[in-house]
Structure formats: C-alpha cells, structure tokens
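The values are calculated or read from the model by the stated rules, or taken from the named source; none is laboratory data. Note that this is a predicted model, so its numbers are computed, not measured. A quick note on method: Cβ atoms are made from the backbone with ideal geometry, for glycine too, and the neighbour counts reach across all protein chains shown. SASA here: full protein model, heavy atoms, side chains in, ligands and nucleic acids out. Shrake-Rupley method; radii C 1.70, N 1.55, O 1.52, S 1.80 Å.
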Amino acid sequence: MNETVIPITKLGASKQRKREAPKGRIVDPAALAEVQALVGSQPLRHDLLIEYLHLINDRYKQLSAPHLAALARLLGLAQTEVYEVATFYHHFDVVKEGRDGTVSSPAALTVRVCDGLSCEMAGARKLLERLPELLGTKVRVIAAPCVGRCEQAPVAVVHQKHIAHATLESVRKAANAGDTQDTVGEYIDFDQYKREGGYNTLRDCIEHRRDVESVIKTMEDSGLRGLGGAGFPAGRKWRIVRGEAAPRLMAVNIDEGEPGTFKDRVYLERDPHRFLEGMLIAAWAVGISAIYIYLRDEYHGCRALLEAELAKIKENPPAPLPKIELRRGAGAYICGEESAMIESIEGKRGMPRLRPPYVAQVGLFGRPTLEHNFETLYWVRELLEKGAAAFAAHGRHGRKGLRSFSVSGRVKEPGVKLAPAGITIRELIDEFCGGMQQGHTFYGYLPGGASGGILPATMGDIPLDFDTLQPHGCFIGSAAVIVLSNHDTAKAAARNMMRFFEHESCGQCTPCRVGTAKANTLIAGEQWDAPLLAELSQVMRDASICGLGQAAPNPVDCVIKFFPNEVT
C-alpha cells in the first residue's frame with residue numbers, strides 16, 4: 001500500500017500560515033476608506049457604535065459585511081461584536097451573503113406600514129396587501145410595529161417621512177415624488193421660549209435664588225411620578241441618585257415604544273425647551289455631569305428638531321451646561337426598559353440587566369444614573385413655578401394630579417388629552433374625545449397600551465391612575481388608551497399584542513422568548529386552552545428577567561377573564 005508522506009517542513013509551514021492569517025473577514029481597504037469618510041473626525045469609541053452603524057445604513061441603505069468589518073477595525077472591536085449589535089436592531093438592514101458569496105442589492109426605497117392595534121383597526125392590513133403591487137418591485141413594503149402616531153392611524157413611513165391617515169394614493173404619491181424626509185410643524189423655538197420667560201427658573205436655580213432642598217421637596221410634595229410607565233416618585237428618585245457618589249449621569253428615555261403611546265412626541269413637537277429646561281433643572285438638583293438623550297428612531301422629524309435646538313442652547317447657553325449627547329435608537333421596543341436603554345447607549349445590544357444593582361447605583365458606564373421619561377421632565381418647570389399644591393389640586397375620584405392620555409381607536413377625536421388623574425374611560429371618551437365614532441358602540445379598552453391589559457365596557461367606571469387598575473390585572477403604564485367598539489373583538493386585540501411581544505422580545509431569557517411564541521400558537525385557534533395558557537402566563541410572570549415577559553400575558557389573561565364568550 002502506497003502512503004503519501006507529507007514533509008515535516010510543509011506541516012510546519014502550514015501551521016505557521018494559519019497563525020499569521022487574520023481572524024475573521026479581511027478588511028477591504030475601499031470599505032475602510034468609505035467608513036472613515038463617514039465617521040470623519042468623530043471619536044472612535046465603543047459607545048458610538050450604533051451611531052456609526054446608522055451613518056453607514058443611511059448612506060448605503062444596508063450594512064454589508066465589508067463595511068461591518070471596517071467599522072470593527074476602526075473601533076478596535078471584534079467583528080462578531082459589531083455584527084451582533086447590527087443584527088439586534090430592526091432598523092439596520094444587514095446584508096446576508098448567499099452560499100456562493102452573492103449579496104442582494106438594497107431596495108431603492110423602503111415603505112413601513114404600522115401594524116399596531118390602532119393602525120390595524122384603521123385598515124393597515126389593506127395597505128400591506130395592496131402596496132407591493134402598486135409600488136413595484138424596486139420598493140420594499142414591510143410591516144412595522146407601532147411607530148408612535150396612533151392618533152393618525154393608519155400610518156405609513158416612506159423611508160423616513162410619516163404619512164398620516166395613509167391611503168394607497170397618498171403613499172404612492174410620496175414614494176414617486178421622492179419626498180422621504182420627515183419634518184415637524186411650527187413649534188416654540190429657543191428665541192420664542194426665552195421671550196416668554198423660558199429658562200428663568202433654571203437661572204433661579206443656578207444663581208441660588210432657589211436651593212436644591214426646596215426644589216426636591218416641591219417635586220416630592222407634588223406627587224409627580226415617572227410618566228414612562230413605572231410610576232416611581234420623581235422627587236424620591238432625585239434624592240436617591242443625589243445621595244450616590246459623583247460623577248453622576250442622566251439618561252432620558254424618549255423611546256416611547258409602547259403601542260398606543262405618542263404623548264412624548266406630541267409635546268416634543270410643540271414645546272421642546274420646556275422639556276430641556278426641566279432636564280437641566282433635574283441635572284442641577286442631582287449634580288449630573290453628563291446627559292444622554294435616547295430618542296426612538298421612528299421620530300425622524302423630532303431628531304432634526306432636537307439637534308437644531310440643542311445646538312442653539314450650546315451656542316448661547318442660558319446657564320452653565322453639563323455635557324449633552326443625543327443618541328438615536330434603532331427600532332427595539334425593549335430599549336424602553338431603563339437598563340436595556342443604558343446598554344444601547346453604551347453601544348451594545350439592548351438586553352435588560354439583572355437587578356440589583358439598580359441603575360440609580362450602577363447605571364450608565366457604571367456610574368449612578370438618573371433615568372427619566374421625557375414627560376416627567378416636561379412638567380418640572382410648571383411644578384416649580386406654580387407650586388406642588390397647584391398640580392395636586394387636580395384629580396377626580398380621590399386621585400391627585402394631571403395625566404396625559406394618548407387616546408386612539410374608535411373615538412371621534414383621538415390625540416393627547418391632558419385630563420385629571422382618576423378620570424374614568426367613559427368620562428374621557430365623552431368629555432375629551434367627542435364620544436365614539438359614528439356607528440360604533442363602546443365595547444372595551446386598553447388602559448395602558450399593549451402590556452396594560454384589556455377591560456370590557458362594563459368596567460368603564462374605574463378611575464384611570466396608578467394603582468387603581470392592578471386589582472383587575474391591568475395597569476395604566478404610560479396612559480396609552482386604545483378604545484374598542486362593537487366592530488372589534490378583544491380576542492383580535494390580544495392576538496395583535498402577542499404578535500408584537502414575540503417580535504420585540506430581546507431573546508435573552510427563555511420564558512419570554514419561547515413563551516411569547518408559544519402563546520401566539522395557543523391563541524391562533526377559535527377555542528383557547530385556558531388552563532394551559534394560565535400555566536404559561538404564570539411561568540412568564542415568575543421567571544422573565546424584565547417587564548416585557550412579565551406583562552406580555554396580560555392581554556390574553558384579560559380576554560379569558562373578562563371576555564370568555566370570545567374564546568370558548
């Protein structure tokens with residue numbers, strides 16, 4: 001038998017060549033030059049990874065493997081680290097190579113049609129079915145989770161421009177015209193805000209006409225709670241973070257991804273400096289050295305607005321400013337969770353952290369962090385100028401304060417409604433929304449968006465506020481109210497919500513990742529296995545890491561409990 005003898009010298013040379021070969025994809029010089037040109041003179045830091053992925057994706061309408069490898073080289077990161085972040089977020093179009101090395105060309109234009117509950121009720125399915133044929137093969141039409149414009153349902157987004165009350169014709173017209181950049185209408189800019197007394201309260205703080213203790217005490221006495229959904233008392237949070245060691249940081253959450261929620265966007269589009277002044281007062285009171293504003297990517301017009309107004313206050317500061325950075329989300333509902341948002345700001349996948357420690361102790365970049373929702377900061381100036389008692393004087397049915405309700409669905413006048421805390425859904429519909437739409441009868445409602453549960457019209461006299469809905473298995477959250485009529489079913493609403501949760505689960509923990517998918521399978525039929533769904537619900541609530549998995553069963557549980565005739 002003849003044997004092939006491999007010389008020892010060749011074996012050694014082969015091993016040597018393997019050791020010398022670079023790990024991962026070889027960086028293409030042309031791709032490296034293109035990425036360097038986009039990044040320019042900006043700092044090469046890990047926490048800016050997502051910002052630079054946006055630069056590439058915006059310019060080339062995709063993220064190719066050569067560009068990802070080049071970005072990894074520039075930032076000194078492993079290519080796998082860049083790839084896992086790029087593939088985590090929905091708004092990054094990562095190119096997948098075929099087995100033969102071929103790659104698909106990017107679509108000339110992408111049209112996203114919101115398939116959130118309010119848009120689905122308003123006819124989004126028809127748009128998704130008919131737009132591909134109408135727009136042709138060069139335009140990519142995809143379903144998108146809630147884009148935060150529920151009062152304008154149905155909504156389509158042509159590249160970055162939103163189309164309110166979208167029709168086949170209005171979307172076609174925008175796509176053909178190349179009108180793809182979003183704008184906002186008239187708003188109170190820096191100069192007008194100052195003429196009307198803006199930033200005077202901040203100067204009172206900076207110039208010692210107000211002291212820290214009195215400001216924090218006013219916040220505590222007002223009863224203002226976090227308006228992003230968690231409802232933690234704002235004044236107490238300021239005191240806790242101020243008690244931690246410096247340097248202390250601040251993270252502002254304008255990710256607002258809860259289906260049915262759009263209040264932050266509406267206030268931002270009208271009066272951005274009222275929020276910015278509240279943010280700066282909070283930074284002064286707590287002793288913050290740097291602020292990071294996290295804005296959801298769907299709010300393209302708001303981002304341009306904020307960039308312009310931040311530039312104005314940095315050029316002509318009304319008071320000494322901390323470092324302020326505006327960060328761009330990339331389409332991930334989970335980043336509305338405070339620790340997931342912090343991970344995203346640090347340039348990572350938006351994976352919620354296990355707690356303790358809490359972000360007030362170990363947050364952004366390992367420092368104590370004051371995390372706040374946009375609307376909470378929006379009310380700071382008014383609270384300090386009018387006093388805690390003025391805010392607390394509002395309210396109904398034994399509740400105190402005001403609430404901004406994002407109302408959508410089957411009402412005549414959807415929108416943001418500033419109403420007394422504790423108002424009931426019937427009062428809200430009749431007094432603030434012009435009643436139900438013609439031909440529609442009030443049937444049910446979601447008091448707190450996708451995760452807040454579903455209640456029938458027969459339970460329409462419960463005060464809407466923190467802590468009033470929990471006995472019924474629901475909560476107000478960010479006060480995203482979606483109104484159902486006799487033309488809808490709670491079962492269909494629950495299916496829409498559960499599809500959303502399966503799509504948005506970050507996948508970190510099995511109870512949420514597998515549980516949402518399993519729940520979707522179980523509720524697909526006309527008859528639901530209530531005992532099995534109850535068992536699945538309990539596992540998800542007990543074992544999920546964060547609020548997404550813990551609250552995801554709420555719509556299904558509520559249908560079984562309050563709408564049994566729909567599923568038996």
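Consider only pairs whose beta carbons are under 7 Å apart and that are at least six residues apart or on different chains; among these, list those whose first residue lies in region 303-316 and is free of Cβ contacts under 8 Å to residues at least 60 places away in the same chain and whose second residue is crowded, with 18+ Cβ neighbours inside 10 Å and assigned to a helix (DSSP H, G or I).
306/272
Could you check residue 100 against (1) surrounded by fewer than 19 Cβ atoms within 10 Å (Cβ to Cβ); (2) within 25 Å of the chain's Cα centre (by Cα) and say which number it fails?
Single failed check for residue 100: (2).
Suppose the filter is touching a residue at least 24 places away in the same chain (Cβ under 8 Å) and surrounded by fewer than 16 Cβ atoms within 10 Å (Cβ to Cβ); does residue 218 pass it?
When the stated conditions are applied, residue 218 does not pass them.
Identify the residue in region 332-386 that is free of Cβ contacts under 8 Å to residues at least 40 places away in the same chain, of a type outside the set (Val, Ile, Thr) and not in a helix (DSSP H, G or I) and, among all such residues, is nearest to residue 71 (Cα to Cα).
My answer is 353.
Can you run down the residue pairs with Cβ atoms below 6 Å, 6 or more apart or on separate chains, where the first is in region 473-491 and under 17 Å from residue 149 (Cα atoms) and the partner is in a strand (DSSP E or B) and open to solvent by 10 Å² or more (accessible area, probe 1.4 Å)?
Between residues of region 473-491 that are under 17 Å from residue 149 (Cα atoms) and residues that are in a strand (DSSP E or B) and open to solvent by 10 Å² or more (accessible area, probe 1.4 Å), the close pairs are 479/403; 482/409; 483/409.
Results for (1) outside any helix (DSSP H, G or I); (2) open to solvent by less than 30 Å² (accessible area, probe 1.4 Å), shown as yes or no for each residue.
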residue	(1), (2)
496	no, yes
508	yes, no
513	no, no
516	no, yes
526	yes, no
534	no, no
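If I ask for residues that are of a type outside the set (Gly, Ala, Ser) and under 29 Å from the mean Cα position of the chain (by Cα), which ones from region 61-73 would you list?
Result: 61, 62, 63, 67, 68, 71.
Residues in region 65-83: is at least one among the hydrophobic types (A, V, I, L, M, F, W, C), open to solvent by less than 20 Å² (accessible area, probe 1.4 Å), touching a helix residue (DSSP H, G or I) at 6+ places or on another chain (Cβ under 7 Å) and under 21 Å from residue 504 (Cα atoms)?
Yes, the conditions are met somewhere in region 65-83.
Can you name the residue in region 286-319 that is in a loop (DSSP other than H, G, I, E, B), under 17 Å from the mean Cα position of the chain (by Cα) and not hydroxyl-bearing (Ser, Thr, Tyr) and is also farthest from residue 240 (Cα to Cα) among such residues?
The extreme case among them is 298.
Can you tell me which of 419, 392 is within 25 Å of residue 204 (Cα to Cα), in contact with a helix residue (DSSP H, G or I) (Cβ under 9 Å, 6 or more places away or on another chain) and not acidic (Asp, Glu)?
392
Only one residue in 488, 461, 467 is on the phi > 0 side of the Ramachandran plot and more than 23 Å from the chain's Cα centre (by Cα), so which one is that?
Every option except 467 fails the conditions.
Looking at region 440-466, which of the residues that are farther than 19 Å from residue 333 by Cα and free of Cβ contacts under 8 Å to residues at least 40 places away in the same chain is most open to solvent (accessible area, probe 1.4 Å)?
Looking at the filtered set, the residue picked out is 458.
Do we have residue 521 as out of contact with any helix residue (DSSP H, G or I) (no Cβ under 6 Å at 6 or more places or on another chain), open to solvent by 70 Å² or more (accessible area, probe 1.4 Å) and not in a helix (DSSP H, G or I) here?
no
Please specify each residue of region 128-160 satisfying the condition of being in contact with an Asp or Glu (Cβ under 8 Å, 6 or more places away or on another chain), crowded, with 18+ Cβ neighbours inside 10 Å and in a strand (DSSP E or B).
Matches in region 128-160: 144, 157, 158.
Going by the conditions given, is residue 413 part of a helix (DSSP H, G or I) and among the charged types (D, E, K, R)?
no
Given the criterion of a type in the set (D, E, K, R), in contact (Cβ under 8 Å) with a residue 60 or more places away in the chain and more than 20 Å from residue 381 (Cα to Cα), identify the matching residue among 270, 274, 296.
Of the residues listed, the single one that is of a type in the set (D, E, K, R), in contact (Cβ under 8 Å) with a residue 60 or more places away in the chain and more than 20 Å from residue 381 (Cα to Cα) is 296.
Condition first: touching a Phe, Trp or Tyr at 6+ places or on another chain (Cβ under 7 Å), in contact (Cβ under 8 Å) with a residue 60 or more places away in the chain, in a helix (DSSP H, G or I) and surrounded by 19 or more Cβ atoms within 10 Å (Cβ to Cβ). Can you find one or more residues in region 176-192 that meet it?
No, because not a single residue in region 176-192 is touching a Phe, Trp or Tyr at 6+ places or on another chain (Cβ under 7 Å), in contact (Cβ under 8 Å) with a residue 60 or more places away in the chain, in a helix (DSSP H, G or I) and surrounded by 19 or more Cβ atoms within 10 Å (Cβ to Cβ).
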